[in-house]
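Working notes for the structure below.
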Amino acid sequence: MSLRSPLFMITFYVSLLVWVIAGLPVLILPRICMIFFARYWSLYFLWLCRVVGGLDVEIRGRENIPAGPLLVASKHQSVWETFALLSIFSDPCFILKRELTFIPFFGWYLFKLRNVPIDRKAGSRALVKIIRAAHKEIRVGRGRQILFFPEGTRRPPGAPPEYRHGIAQVYSGLDVPCLPIGLNAGLYWPRRSLKLRTGKVIVEILPPIPPGLDRAVFFARMQDEIEQSSNRLLSEGRAALDETTLSH
């Protein structure tokens with residue numbers, strides 16, 4: 001049995017604790033310092049995945065990221081993308097569950113970065129809060145990227161999609177382009193698992209969906225594009241894993 005996966009997990013969690021403690025002074029500095037700190041953590045995380053975990057990454061379609069304010073809709077299969085996406089965007093604002101802000105120290109960082117916590121039990125009231133807060137961050141933050149996981153939680157690779165219609169209301173309320181993202185991270189770091197598989201995560205940044213579409217039209221288009229991309233990347237990843245298995 002390979003020791004690579006447990007070694008990565010131990011290193012990951014220990015180094016995360018070190019970063020959290022080392023970054024405490026940044027909490028009293030201007031927010032721009034926290035943005036740089038979070039970005040370097042993300043780059044370190046990707047380095048750790050590659051060097052210790054044997055998990056590389058390929059990001060396709062960076063040229064599709066437009067300048068200015070943006071709504072990002074990403075497939076969510078693993079804890080991997082919650083850290084990795086920080087390195088792609090200049091000033092991301094995550095729409096995240098409120099419970100994460102209750103974690104000691106970690107919640108302070110989320111607050112300092114001005115992410116938007118939501119109470120998923122609040123229903124339509126939560127959506128109103130999201131739209132207001134995201135609109136403020138887009139306008140006041142001079143073009144932030146609002147990162148949204150439309151399914152709300154991690155889904156196993158290949159599982160039937162369960163997109164929530166709330167993102168269509170957010171899209172309509174913000175009146176900015178939406179950038180769909182497909183990925184296959186769940187093949188290599190499954191949800192609720194401490195086992196990491198070696199290989200290469202592929203992230204595909206798709207062309208932006210323009211603002212102003214009818215909500216139903218937007219929702220169907222966004223889901224279709226993300227699912228087509230993710231399913232294609234899953235097939236590509238599985239073929240690579242099968243090839244690696246055969247070669248050994």
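Each value in this text was obtained by applying a stated rule to the coordinates, not by laboratory testing. Bear in mind that the values here come from a model prediction, so they are computed numbers and not experimental data. All Cβ positions, even for glycine, are placed from backbone atoms using ideal geometry, and neighbour counts span all protein chains on display.
Quick notes on this one:
- ALA22-TYR44 pseudo-label distance in nm [points 7 Å out on the Cα-to-Cβ vector]: 0.4 nm
- Full extension of the chain between ASN64 and ASP175 yields a length gain of 38.1 nm, computed as 0.36 nm times the residue separation minus the alpha carbon distance.
- Reach of LYS200 by Cα under 29 Å, taken over lysines that are not fewer than 8 positions away in the same chain: LYS75, LYS97
- Looking at the chain, the DSSP beta bridges with both ends there are about 15 percent antiparallel.
- For region 73-134, the alpha carbon convex hull comes to 105 Å³ per residue, rounded to a whole number.
- Cβ-Cβ FRET estimate between ARG4 and CYS33, R0 fixed at 30 Å, reported to 0.05: 0.30
- Taken over the C-alpha atoms, region 4-247 has Rg and Dmax values of 17.7, 54 angstrom.
- Reachable aspartates and glutamates from LYS112, criterion Cα separation under 14 angstrom, eight or more residues apart if same chain: ASP91, GLU137
- In plain terms, the bigger the Kirkwood radius, the slower the diffusion; for region 183-235, with that radius from Cα pairs, at 4 °C and 1.567 mPa s, Stokes-Einstein puts D at 101 µm²/s.
- In summary, the aspartates and glutamates within cross-link reach of LYS136, defined as a Cα separation below 13 angstrom excluding same-chain residues under 8 places away, comprise ASP175.
- Subtracting the Cα-Cα distance of ASP56 and ILE103 from 0.36 nm times their residue separation leaves 14.0 nm of extension gain.
- Residue among GLU204, GLU137, GLU99 with the largest mean-square fluctuation in a Gaussian network model of the chain, springs linking Cα atoms under 10 Å: GLU99
- The label point for ARG164 and the one for VAL217, both projected 7 Å from the Cα toward the Cβ, are 2.6 nm apart.
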